[in-house]
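K.L.:
Before anything else, here's the structure in question.
Bear in mind that the values in this text are calculations on the coordinates, not laboratory data. Nothing here was measured: the structure is a model prediction, and the numbers come from that model. Cβ sites come from the backbone with ideal geometry, for glycine too, and all protein chains shown count toward neighbours.
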Amino acid sequence: MSATLLLMASNVFMTFAWYAHLKNLAGRPWYVAALVSWGIAFFEYLLQVPGNRIGYTRLSLPQLKILQEVITLSVFVPFAVLYMNKPLKLDYLWATLCILGAVYFVFRSPGTP
């Protein structure tokens with residue numbers, strides 16, 4: 001559970017580092033956006049590295065990666081809709097179903113770290 005919470009928090013930082021500059025720094029040179037994004041990504045790594053280390057004690061590497069993808073989608077969709085003002089699309093549902101299929105296949109056998 002602690003690994004999942006750390007990875008969720010790190011993903012919020014990562015999503016802002018990767019995409020918020022498209023809205024907030026659109027008029028600035030790319031290198032300003034890169035420096036700001038690197039600053040945000042620093043905090044993402046402070047959460048992501050321990051989250052992955054903790055998660056790897058209970059999950060296999062493929063399970064840890066699929067968990068991260070589920071978290072990414074669950075953070076990105078609200079970010080896109082609420083922060084970036086993008087419309088909610090049916091394609092998000094289809095993407096979620098594909099990810100759920102990946103979850104099923106990678107978690108159907110016990111994790112072996």
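K.L.:
Sequence gap at least 6, Cα distance under 8 Å: using those rules, report the relative contact order of the range 2-107 to the nearest whole percent.
P.N.:
35
K.L.:
Could you run the Karplus curve 6.51 cos²θ - 1.76 cosθ + 1.60 with θ = phi - 60° over the range 21-38 and give me ³J(HN,Hα) per residue in whole Hz, x for Gly and Pro?
P.N.:
Per-residue couplings from phi come out as 5, 5, 9, 7, 10, 4, x, 9, x, 4, 5, 5, 4, 5, 5, 5, 4, 4 Hz.
K.L.:
Taking the highest mean first, how do the peptides 93-102, 43-52 order by number of other beta carbon atoms within 10 angstrom per residue?
P.N.:
Final packing ranking: 43-52, 93-102.
K.L.:
In nanometres, what is the gap between the two model label sites at Leu22 and Ser74, each 7 Å from Cα along Cα-to-Cβ?
P.N.:
Result: 2.3 nm between the two label points.
K.L.:
In degrees from 0 to 90, rounded to the nearest 10, what is the angle of the helix 61-78 Cα long axis to the longest principal axis of the chain?
P.N.:
Helix 61-78 sits roughly 40 degrees off the main axis of the chain.
K.L.:
What does the helix-only formula give at 222 nm for the chain: each DSSP H stretch with n ≥ 4 adding -39500 (n - 2.57), the total divided by the residues, and the result rounded to the nearest 500 deg cm²/dmol?
P.N.:
-23500 deg cm²/dmol
K.L.:
Same structure, new question: Output the 0 to 90 degree angle, nearest 10, between the alpha-carbon long axis of helix 90-107 and the longest principal axis computed from the alpha carbons of the chain.
P.N.:
Taking Cα atoms only, the helix is inclined about 40 degrees.
K.L.:
OK, next. Please compute the modelled spin-label separation between Val81 and Tyr31, points set 7 Å along Cα→Cβ, answer in nm with one decimal.
P.N.:
Each label point lies 7 Å from its Cα, and together they span 4.0 nm.
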